[in-house]
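Down below is the structure, laid out as structure tokens.
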Amino acid sequence: MPIQLTSQAYCKMVLHATKYPHCAVNGLLVAEKTKEKKKDLHSGPVICVDCVPLFHGTLALAPMLEVALTLIDTWCKENNYVIAAYYQANERTKDSRPNQVAEKVAARISENFSEAAIVMVDNSRLTMSCFEPIVFIYDHHENKWKCREVTSDCFEDWSEAQKITSALLEGRSYENLIDFDNHLDDLRNDWTNPVINKSVLDLC
């Protein structure tokens, strides 16, 4: 089952990459947990309903990642979510392929969620108007991460996602985005980003 992005999940990824344009950034995408018995049925896509921004700058710090994954895992259980995908924007704008860090974290996610995907944000196509999707989605096939063509079908509602992301970029909402690094700097910083979630809801 391929993943599909909601407006909230997509725009928070783009805001994270926009807030730190000179850094690599990464994070997780969560989906609502489905009942076990539905697992074998060919149901619809896995809808990633939210995004948890992790780090900017150094992405390979294992101890910090462990702390983040433990906390996020607990939050997911409380909200009936499952970590479904990993996203990353590389430091170099012309480089949008998954690296070893991306593949390692995605492999870890797939231990609990077999349909796990990697979403790469392509900084080179980032514009204020967001006319086209700026992500590449990689699915795991035959022990390899393979890129699939990103169309409007990869979104729950592309026109809504485009409109909301553009509005939030224009309003400089990325300045308010909190990632896990910001949370570790000051624990009062809420990595679930309720302020941005409300902005997305208001624009829907």
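The values are calculated or read from the model by the stated rules, or taken from the named source; none is laboratory data. Remember, it's a predicted structure, so these values are computed and weren't measured experimentally. Methodologically, a virtual Cβ is constructed for each residue, glycine included, from the backbone with ideal geometry; neighbour enumeration extends over all protein chains shown. Ligands, DNA and RNA are stripped out before the accessible areas are found, and what is left, the full protein with its side chains, is counted by its heavy atoms. Shrake-Rupley method; radii C 1.70, N 1.55, O 1.52, S 1.80 Å.
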Worksheet item: What's the center-to-center distance, using Cα atoms, between segment 43-118 and segment 160-182 in Å?
Response: 19 Å
Item to complete: Express the carbon and sulfur contribution to the solvent-accessible surface of the chain as a percent, rounded to the nearest whole number, probe 1.4 angstrom.
Response: 51 percent
Fill in: Probe 1.4 Å, accessible area per residue of the chain, Å²
52 Å²
Worksheet entry | Fraction in percent of alpha-carbon pairs per bin - 10 Å, segment 1-115 | 13, 46, 33, 8, 1
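Please report the antiparallel percentage of DSSP beta bridges with both residues in segment 50-204, rounded to the nearest 5. Each step should come with its number before you reach the end.
On the way: 10 of 15 bridges.
Roughly 65 percent of the beta bridges in segment 50-204 run antiparallel, per DSSP.
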Response to the item:
Within the set Ala85, Ala167, Ala62, GNM on the chain using Cα springs under 10 Å gives the largest fluctuation to Ala62
Response to the item:
Taking the square root of 5λ for each eigenvalue of the C-alpha gyration tensor of segment 77-126, the equivalent ellipsoid has semi-axes, largest first and in whole angstrom, of 24, 12, 7
Worksheet item: Summing +1 for each Lys or Arg and -1 for each Asp or Glu, what net charge is found among the other residues whose Cβ lies under 13 Å from the Cβ of Glu66?
Response: +1
Discussion item. Using only the alpha-carbon atoms of the chain as identical scatterers, what base-10 log of I(q)/I(0) does the Debye formula give at q = 0.08, 0.11 Å⁻¹?
Written reply: -0.23, -0.45
Worksheet entry | Net length gained if the chain between Arg148 and Asn197 were fully extended (0.36 nm per residue, minus Cα distance) | 14.8 nm
Practice prompt. Note down the accessible area of Cys147, probe 1.4 Å, to the nearest 10 Å².
Written response: 70 Å²
Worksheet item: Cα-based count: Lys pairs in segment 69-164 below 25 Å, eight or more positions apart or different chains?
Response: 6
Worksheet entry | Computed magnitude of the charge dipole of the chain (debye, nearest 20; Cβ of K, R +1, Cβ of D, E -1) | 240 debye
